[in-house]
Structures are given as C-alpha cells and as structure tokens.
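A short write-up of the structure that comes next.
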Amino acid sequence: MDASLKWRPFPYHVSQPQFARVVYGGSYVSNAFAQHFDGPEEGDEWDLLWTHRPQDAALAAATMLPRAGPRLVNHCNYFEAAGN
C-alpha cells in the first residue's frame, strides 16, 4: 500500500479555460508541494486539491471511490455570504 500523499492542482470544472491546467501559485507552490507530496495528480486519488477557484459543485457531482483518509481542499466558501 502506497502511504505517500498526493496533490491535485487541476480543477474538475473551470468557467475560464485559461485556468484548466495552471497550478495556483505557479512553480513556487509546485516546488513546495514536491517536498511533501507526490504529484501533481490528474485523477481522483488525491489528498490535497489545490486550485484557483472553489470546486464545490464539481466535487459534489464527482463519483470518487471511498477512501480511508480525509481529503483537504484549499478553498472554503463559508465567508461568501458575509460579503467576500
């Protein structure tokens, strides 16, 4: 069993195609994550989803297999209703 962590920088859905294959934070983020994660991952076997925009609807619609550990997503929409 592979215990290494994997990260995915590519969104499941984009409204602006220029963000489809762009790592949020560029080479700085890629280099930093390379020290701790395998990837970038393009499939559904990721531990960290790091994208330009929230992926709530795309993740809710995705049919990913259950996994033993949690996943972390870098965007939170909690504060949108507060005027952000």
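Results, tabulated for the structure shown:
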item: Residue match in the stretch 67-74 (condition: modelled with pLDDT of 90 or more, surrounded by 15 or more Cβ atoms within 10 Å (Cβ to Cβ) and of a type in the set (S, T, N, Q)); result: no
item: Test: residue in the stretch 5-19 that is hydrophobic (A, V, I, L, M, F, W, C), at pLDDT 90 or above, over 10 Å from the mean Cα position of the chain (by Cα) and part of a loop (DSSP other than H, G, I, E, B); result: yes
item: Output for the stretch 34-70, where each listed residue is basic (Lys, Arg) and either outside any loop (DSSP other than H, G, I, E, B) or touching a residue at least 40 places away in the same chain (Cβ under 8 Å) (or both); result: Arg53
item: Hits in the stretch 3-33 (condition: closer than 18 Å to Asp44 by Cα and free of Cβ contacts under 8 Å to residues at least 12 places away in the same chain); result: Ala3, Ala20, Arg21
item: Residue list for the stretch 3-35, restricted to those being under 16 Å from Arg71 (Cα atoms) and either loosely packed, with under 11 Cβ neighbours inside 10 Å or hydrophobic (A, V, I, L, M, F, W, C) (or both); result: Ala3, Ser4, Leu5, Trp7, Phe10, Phe33
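The values are calculated or read from the model by the stated rules, or taken from the named source; none is laboratory data. In this text the structure is predicted, and so the values were computed from the model without any measurement. Cβ atoms come from the backbone with ideal geometry, glycine included; neighbour counts cover every protein chain shown.
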